[in-house]
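Participant: Structure below; questions to follow.
The values are calculated or read from the model by the stated rules, or taken from the named source; none is laboratory data. Note that the structure is predicted; figures quoted are calculated from it, not measured. Positions of Cβ are backbone-derived with ideal geometry, glycine not excepted, and every protein chain shown enters the neighbour counts. Just so you know, the surface numbers come from the protein's heavy atoms only, side chains and all, with ligands and any DNA or RNA stripped out. Shrake-Rupley method; radii C 1.70, N 1.55, O 1.52, S 1.80 Å.
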Amino acid sequence: MDIQTKNDARKYLFELADEYSSSAKADLSYLDVSEREKVVLSIDDEQDISHGIHLRLAGHGYDVRTAKHGLDGYRMAFSLHPVAILLDYNMPFVDGEQVLLGLRENPLLAAIPVILISGKVDDRTEARLLKIGAYAVMRKPIEFERLVLLLDEISGRHQEDHPSAAGPLLV
């Protein structure tokens, strides 16, 4: 599909949802509940940021899987069914808001907490993202200690289960 507008992107997300919804229920069986509680999906077109998040969260027991853009991340969400999604707001083709809307409108993915991450989001945009279903909105540079606390809260863990966070992730 040729994606030129946000409306095209939204239509494509729905096509993907139809395609993946029928097989996703069966695909979840390979991950037992304890394994899913450790999987976090990071969707960011800047691979150095995803790599930094991966390295930092691995030390706290999280298995971070990465996607280079919104469409790949949306597809991966069906197969991984992660405990949380870290989603960049500013991406080419399909931005973070469009991916968030697609996730919230699909019953198989709607309950997955999404933490939006951006260097360029104002207070009005943040309020809108929270209203449409973001669990949290974080600004870059990422406050790593806050990110770990949010993920621990989402996954029902306690901070004392982990070594102390080592400050902000500067990207």
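Participant: Given the structure, is residue 49 of a type outside the set (S, T, N, Q), closer than 15 Å to residue 147 by Cβ and modelled with pLDDT under 95? Spell out the reasoning first.
Facilitator: Details: of a type outside the set (S, T, N, Q): yes; closer than 15 Å to residue 147 by Cβ: yes; modelled with pLDDT under 95: yes.
So residue 49 passes the test.
Participant: Quick one: is residue 103 under 19 Å from residue 151 (Cα atoms) and not in a helix (DSSP H, G or I)? Please lay out each step first, then the result.
Facilitator: On the way: under 19 Å from residue 151 (Cα atoms): yes; not in a helix (DSSP H, G or I): no.
So residue 103 fails the test.
Participant: Here is a check on your reading of the model: is residue 160 among the acidic types (Asp, Glu) and modelled with pLDDT of 90 or more? So that I can check it myself, show each step before the final result.
Facilitator: On the way: among the acidic types (Asp, Glu): yes; modelled with pLDDT of 90 or more: no.
Spelling it out, it is not the case that residue 160 is among the acidic types (Asp, Glu) and modelled with pLDDT of 90 or more.
Participant: Could you tell me how many of the residues in the range 129-146 are open to solvent by 70 Å² or more (accessible area, probe 1.4 Å) and assigned to a strand (DSSP E or B)? Before the answer, list the steps.
Facilitator: Narrowing the range 129-146 to residues open to solvent by 70 Å² or more (accessible area, probe 1.4 Å): 130-131, 135, 139, 143, 145-146.
If we keep only those that are assigned to a strand (DSSP E or B) too, we end up with 139.
Looking only at that region, the number is 1.
Participant: Just for the range 79-110: of the residues that are out of contact with any Gly (no Cβ under 9 Å at 6 or more places or on another chain) and among the acidic types (Asp, Glu), which one is surrounded by the fewest Cβ atoms within 10 Å (Cβ to Cβ)?
Facilitator: 105
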